[in-house]
1. On a 0 to 90° scale, report how tilted helix 213-225 is relative to the longest principal axis of the chain, with both axes built from alpha carbons and the result rounded to the nearest 10.
2. So which trypsin sites (Lys or Arg not before Pro) in the stretch 51-81 end up in coil per DSSP with only 13 or fewer other C-beta atoms within 10 Å?
3. List the cysteines of the chain that have no other Cys Cβ closer than 4.7 Å: which are they?
4. Go through the stretch 5-16 residue by residue and turn each phi into a ³J(HN,Hα) via Karplus (6.51, -1.76, 1.60, θ = phi - 60°); whole Hz please, and just put x for glycine and proline.
5. Can you tell me, using C-alpha contacts under 8 Å and at least 6 residues apart, the relative contact order of the stretch 1-61 as a whole percent?
6. If you take every DSSP beta bridge whose two residues both sit in the stretch 174-313, what share of them, in percent to the nearest 5, is antiparallel?
7. Using the basic label-point model (7 angstrom from Cα toward the beta carbon), what is the D138 to K201 distance in nanometres?
8. Filter K89/K143; K75/K229; K63/K201; K118/K280 down to the pairs with a C-alpha to C-alpha distance above 20 Å, please.
Amino acid sequence: MIAVLKPDATREQIDNLTTWFEKRGLNVQLSVGQLSTVIGLIGDTSQIDVDLLEGLDIIESVKRITEPYKSANRKFHPDDTVVDIGGIKIGGGNFQLIAGPCSVESKDQIIGIAQSVKQSGATLLRGGAFKPRTSPYDFQGLKAEGIEFLLEAKELTGMPIVTEIMNTNHLPMFEHVDVIQVGARNMQNFEMLRELGKTDKPVLLKRGLANTLTELLMSAEYIMAGGNKNVILCERGVRTFETQTRNTLDLSAVPILRELTHLPIVIDPSHATGIARVVKPMAMAAAAAGADGIMIEVHNDPVNALCDGAQSLTPEQFEDVAGMVRKIREVVTA
Ligand code: PEP
Ligand code: MN
């Protein structure tokens, strides 16, 4: 349920009303926006008399929310959420390019890639240390050492880092990681989501291979229900009957999620297509669709990459894509 307050509601009136709701066992989320102040109520609201609420001086309107996600719902929080990643903001008109290799392979590799993608305009560095691989015989990532190399690249370039977690027992290793990625395969690892909800670290939550947008938002809700509101959503392609591309990029996720939620939305054209030459047009399309960020895999030597070489751009190709994305952003935001 949401209660939209009148513009002249005083702090004291809002506090009194909040206490009244809390006494009834409801979780109260106050969203003070530019246009209106909204009180979102989570819990058993069936006991609340809507007519009585609507009769109060400070209430403009009351509405029951039918969607199962509450904290992630735009109705609860009409203004866009802006996630602050060590001073780099994403959402609410702030756009960021995330780039880096699928997996961290060596110190020199990650530092070299970090320096070149930074020069091309990337603001966040990605790189997998723990890799979710379909085959147990494939490279599984450098693990703790991979995170150390990422931290060295961060130290040298100043770029905040994004890396995937596969097990919440590893959380202490992520202490200095700026954005924790939850990969597609773990989107519905609810225990993991709950643990991440107890932290205040930004979480990049990737859509599962066969999950609906509602399910993605429910997973965001798990994190937010624990108190962590710093969730960034990522569409990375879903599995369809089409086999020409690795997955099918659901670009309509951008405008649809924009309506449903206030959280920032990132597109990953690399995993969505699996084909390096298709990344550029899809990155441009993502920018045109109004994504808040684009995450692209970049490798210094794609042919010899230990993971996802076929979809990885060279630093030069990335520079070209970054330039085109900037041009499209200028048109979209004009
Ligand atoms: C990745 O970003 O490296 C990754 C494994 O992505 P996804 O979880 O979307 O497959
Ligand atoms: Mn990858």
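The values are calculated or read from the model by the stated rules, or taken from the named source; none is laboratory data. Note that the structure is predicted; figures quoted are calculated from it, not measured. Ideal geometry is used to build each Cβ from the backbone, glycine not excepted, and the neighbour counts take in all protein chains shown. Ligands, DNA and RNA are stripped out before the accessible areas are found, and what is left, the full protein with its side chains, is counted by its heavy atoms. Shrake-Rupley method; radii C 1.70, N 1.55, O 1.52, S 1.80 Å.
1. 70 degrees
2. R64
3. For the chain, the answer is C234, because their Cβ atoms have no other cysteine Cβ under 4.7 Å.
4. Calculated HN-Hα couplings, in order: 8, 6, x, 9, 4, 8, 4, 5, 4, 5, 4, 4 Hz.
5. 46 percent
6. Taking every DSSP beta bridge within the stretch 174-313, about 5 percent pair in antiparallel fashion.
7. Computed distance between label sites D138 and K201 equals 2.4 nm.
8. Violating the 20 Å limit, Cα to Cα: K89/K143; K63/K201.
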